[in-house]
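Scroll down for the structure; my scribbles are underneath it.
The values are calculated or read from the model by the stated rules, or taken from the named source; none is laboratory data. Since this is a predicted model, take the numbers as computed values, not measurements. Cβ sites come from the backbone with ideal geometry, for glycine too, and all protein chains shown count toward neighbours. Accessible surface areas use protein heavy atoms only, side chains included; no ligands, DNA or RNA. Shrake-Rupley method; radii C 1.70, N 1.55, O 1.52, S 1.80 Å.
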Amino acid sequence: MKHCFLLLMVMCFLNASAQEPQTVITFQAGKFTLRVLSEGGGQGNSGLLKGATPEQLKKYLPDGTFPIETQVFLVRTPDKNILIDAGYGKNLFKNLQTLGLDESKIQVILLTHLHGDHIGGMLRDGKAAFPNAEVYLAEKEYDYWLNLGEKGAVARKVFEAYKDKIHRFEPIELVEIENQTDELIPGIQAIAAYGHTPGHTAYLIRSDESKRLIWGDLTHAMPIQMPCPEVALSFDVDSEKAILSRKLLLDYVLKNGIISGGMHVAFPAVGKVSKGKTEGYAFEAICLCEGL
Ligand SMILES: [Zn+2]
């Protein structure tokens, strides 16, 4: 059984590389097809972190750096093409083209938050890059960037470019998730994951019995923030809240065995959260293909 699984994994990688560039990977959630579209990446350094002890840094980031990539998620439901965030727009359009999707075929954009590495791809020459997309974001996130002064300039350009296509909503608190049937759009629930920014939102995707969580910027420095989720980022708007959200959501996916992915998790950026060997959590990236 184990060998069979490994063989399928290998076939999965071969299959993916034969049909798609390495910047795209495909996995299923019931009737939905999800794709991770890579925007590329680089190295972050420990100076970006807050609250890490010298021992933790020595143990988990011995050279003081960590890989940080940016991903966009594409969800194809039976009747919609949905982007979760839009990255910088670096590889996004090329990746969509490879999948036979031009910008006009994206009907929905769900935003986790409005940092430039998540909304840069929404604009082209200052105009809406996705002319037919309805855009969804948390009310709190909208209010924050609307009133932020100079730092909110790109976000406000997005508001202007998409005007009446902007939909603001109140995410569900995770503690209420089992009692809540509210879906933002069919098959997708928006979950409050506040802290990194005031309206930071994760998205729970459900189709048939399958659940997937796309957690946005719940983590940036995976090698240290998984074992030590109390390590924050210097530019979290509210690091205490960000830590709380990280622990709550990681506990939730761990307890429920939900395959998850994040915008700054290294490609393929989806996997399983487990208990860490000595502390905190661990993340094992996996490749999910049709039939697996
Ligand atoms: Zn980010």
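Could you list all residues from region 53-85 that are polar (S, T, N, Q), surrounded by 13 or more Cβ atoms within 10 Å (Cβ to Cβ) and within 22 Å of Leu218 (Cβ to Cβ)?
Narrowing region 53-85 to residues polar (S, T, N, Q): 53, 56, 65, 70-71, 77, 81.
Still in the list and also surrounded by 13 or more Cβ atoms within 10 Å (Cβ to Cβ): 56, 65, 70-71, 77, 81.
Answer for region 53-85, where residues must be polar (S, T, N, Q), surrounded by 13 or more Cβ atoms within 10 Å (Cβ to Cβ) and within 22 Å of Leu218 (Cβ to Cβ): Gln56, Thr65, Thr70, Gln71.
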Residue count, region 131-151 (criterion: out of contact with any strand residue (DSSP E or B) (no Cβ under 6 Å at 6 or more places or on another chain) and either in a loop (DSSP other than H, G, I, E, B) or within 16 Å of the ligand (Cβ to nearest atom) (or both)): 9
- prompt: Which of (1) in a strand (DSSP E or B); (2) open to solvent by less than 10 Å² (accessible area, probe 1.4 Å) is the odd one out, the single condition Gly195 does not satisfy?
  reply: (1)
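Select from region 86-114 the residues that are in a helix (DSSP H, G or I) and open to solvent by 10 Å² or more (accessible area, probe 1.4 Å) and list them in ascending order. Step through it out loud before you land on a result.
Start the filter on region 86-114 by keeping residues that are in a helix (DSSP H, G or I), which leaves 92-98, 103-105.
Selection gives Phe93, Lys94, Gln97, Thr98, Glu103, Ser104, Lys105.
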field: Enumeration of residues in region 270-285 that are without any contact (Cβ under 8 Å) to a residue 40 or more places away in the chain and surrounded by fewer than 17 Cβ atoms within 10 Å (Cβ to Cβ)
entry: Lys272, Ser274, Lys275, Lys277, Glu284, Ala285
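Looking at region 115-169 only, could you name the residues that are of a type in the set (Lys, Arg) and open to solvent by less than 60 Å² (accessible area, probe 1.4 Å)? Before the answer, list the steps.
Going through region 115-169, the residues of a type in the set (Lys, Arg) turn out to be 124, 127, 140, 151, 156-157, 163, 165, 168.
Answer for region 115-169, where residues must be of a type in the set (Lys, Arg) and open to solvent by less than 60 Å² (accessible area, probe 1.4 Å): just Lys165.
Based on what the data block shows, is Gly257 on the phi > 0 side of the Ramachandran plot and within 16 Å of the ligand (Cβ to nearest atom)? Break it down stepwise before answering.
Working: on the phi > 0 side of the Ramachandran plot: yes; within 16 Å of the ligand (Cβ to nearest atom): no.
It is false that Gly257 is on the phi > 0 side of the Ramachandran plot and within 16 Å of the ligand (Cβ to nearest atom).
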- request: Would you point out the residue of region 171-229, among those that are within 16 Å of the ligand (Cβ to nearest atom) and out of contact with any helix residue (DSSP H, G or I) (no Cβ under 9 Å at 6 or more places or on another chain), that is farthest from Asn147 (Cα to Cα)?
  value: Met222
query: Of the residues that sit in region 232-248 and are touching a helix residue (DSSP H, G or I) at 6+ places or on another chain (Cβ under 8 Å) and either acidic (Asp, Glu) or away from the ligand (no atom under 16 Å from the Cβ) (or both), which one is least open to solvent (accessible area, probe 1.4 Å)?
result: Asp236
task: Mind listing just one residue for me: the one in region 249-267 that is out of contact with any helix residue (DSSP H, G or I) (no Cβ under 9 Å at 6 or more places or on another chain) and in contact (Cβ under 8 Å) with a residue 60 or more places away in the chain and, of those, least open to solvent (accessible area, probe 1.4 Å)?
output: Gly261
